[in-house]
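Step one of this worksheet: look at the structure below.
The values are calculated or read from the model by the stated rules, or taken from the named source; none is laboratory data. Because the structure is a prediction, the values reported are computed rather than measured. Ideal geometry is used to build each Cβ from the backbone, glycine not excepted, and the neighbour counts take in all protein chains shown.
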Ligand code: XMP
């Protein structure tokens, strides 16, 4: 039987990160909301261990998420993190108190006092704290195993019942020995084997959808991006020709993108693919539009219309496959974590088209995990490792009104820049890099003649999560090559500039 850990979600922002850190140690972890599973079901599922996640509440608030204390008697090891630590203490009979001025946030020195969780962890190390309550007195059977200056119980342990709690966040990289602590819980407390791989994820997902969608038809909108590609190939493996993919060319794609989608899905994987050429339709709707949010809205709406029209031409489709990944879920506030930013890719299509069900096979995965699944499925590396590309495409990289001419200029400049970055083979490659066509023209000189051409801006950023980003310090030689090539090869560009703004205050995209 595949060993697995249950991450019981109490609404913290890092809940899926915990699952990912566990999977990185080759133990399968799944996240379930505290309200969606009972102690009895937990026992039946045969989990090796349970992690209580953090959450924004206070345990003594009656409206805050709680759990059946019966869970403590199941004999399954538990690790409580942050709110989960307080909840564990509270459920077992300990006392929680508001920290007031002693609230901690950020990097703090952790002093450990032994215990299995801290095997291989120095007696002093850095941990990441974020809490306004603390455990004032531990329940019977527990002892305190770590503290910080302001938090007398930064960790507690009951080795006999295998119940553990930590006030800090071992899952974030700022906690220096976080992975060691999780490792100790998984392997020393829960006695996991650690033999789970991405291949297991793929075969389990294929098997699951083969059963769930037996005899059913599914539709998937391919965007040309990694996520929808991986979701589609995964579903194709499960249901074969009962999956139809639709790729809408809205005329705002990068150079070569349309061809690549056909090559990979139609020729390589022999999937049923409908390619819709809707370039004129989109450009007509976008004529005269200069406001970025308006552009996004038009493209989103138009996309749904085109997709709906295609879907209607087909025999009845039971399911809609979407490449939603975990960061999309967090950003749109669809999970239980606090809303960070509204996002456009999630939740738009379904209600409008009336499918029986939505299939989102990658919903729990992070980008790098999705890429690993893609490689496992045999999707070419150029597609799997490709940088993110926004749904509205080049529309938000052509400043101001979108015209065929501006799009053509940007496409060429962007292709050159991307080619040069790739050719440079940087060890520390930027997370996203592209060209922007500013709405400005500038004076130049070519031969003896004065020119008056477009200003192209180059943008490259490094980031882990795209919420914040630093501008990439690309080598001057690379920037020089890109600039010379763009001004030589792309007629009507007279100047190239490099964007040296981080996010915040700027965003990654210019619009
Ligand atoms: P910003 O510009 O918000 O970009 O700093 C962060 C990340 O999100 C992408 N992005 C979008 N993706 N539809 C998308 O699918 C959009 O409207 C959109 N706007 C920005 C951007 O490319 C970057 O990766």
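A few comments on the model shown:
- The stretch 290-322 - residue that is within 16 Å of the ligand (Cβ to nearest atom) and closer than 16 Å to residue 218 by Cβ and, of those, surrounded by the fewest Cβ atoms within 10 Å (Cβ to Cβ): 307
- Breaking point among (1) buried (at least 21 other Cβ atoms within 10 Å of the Cβ); (2) closer than 22 Å to residue 191 by Cβ, for residue 42: (1)
- Single condition residue 206 does not satisfy, out of (1) exposed (fewer than 14 other Cβ atoms within 10 Å of the Cβ); (2) under 30 Å from residue 265 (Cβ atoms): (1)
- Meets criteria (surrounded by fewer than 18 Cβ atoms within 10 Å (Cβ to Cβ), more than 23 Å from the chain's Cα centre (by Cα) and free of Cβ contacts under 8 Å to residues at least 40 places away in the same chain) for residue 450: yes
- So residue 506, is it away from the ligand (no atom under 16 Å from the Cβ) and free of Cβ contacts under 8 Å to residues at least 24 places away in the same chain: no
- All positions within the stretch 261-274 that are under 16 Å from residue 225 (Cβ atoms) and surrounded by fewer than 17 Cβ atoms within 10 Å (Cβ to Cβ): 262, 263
- Scanning the stretch 357-386 for residues that are within 14 Å of the ligand (Cβ to nearest atom), under 13 Å from the mean Cα position of the chain (by Cα) and either assigned to a loop (DSSP other than H, G, I, E, B) or at pLDDT 90 or above (or both) yields a count of 0.
- Meets criteria (within 27 Å of residue 500 (Cβ to Cβ), crowded, with 22+ Cβ neighbours inside 10 Å and more than 25 Å from the chain's Cα centre (by Cα)) for residue 437: yes
- Criterion (at pLDDT 95 or above and closer than 20 Å to residue 76 by Cβ) met by exactly one of 192, 153: 192
- Search result, residues across the stretch 122-152 that are assigned to a loop (DSSP other than H, G, I, E, B) and free of Cβ contacts under 8 Å to residues at least 60 places away in the same chain: 122, 123, 138, 139, 140, 141, 142, 148, 149, 150, 151, 152
- Test for residue 395: is it within 16 Å of the ligand (Cβ to nearest atom), out of contact with any strand residue (DSSP E or B) (no Cβ under 8 Å at 6 or more places or on another chain) and not in a strand (DSSP E or B): yes
- Reported count of residues in the stretch 415-434, each being buried (at least 17 other Cβ atoms within 10 Å of the Cβ), out of contact with any helix residue (DSSP H, G or I) (no Cβ under 6 Å at 6 or more places or on another chain) and over 20 Å from residue 463 (Cα atoms), is 1.
- Within the stretch 220-246, tally of residues that are surrounded by fewer than 24 Cβ atoms within 10 Å (Cβ to Cβ), part of a strand (DSSP E or B) and at pLDDT 95 or above: 2
- Every residue from the stretch 456-474 that is within 21 Å of the chain's Cα centre (by Cα), more than 9 Å from the ligand (Cβ to nearest atom) and assigned to a strand (DSSP E or B): 460, 462, 470, 471
- Residue within the stretch 489-499 that is at pLDDT 95 or above, surrounded by fewer than 19 Cβ atoms within 10 Å (Cβ to Cβ) and within 16 Å of the ligand (Cβ to nearest atom) present: yes
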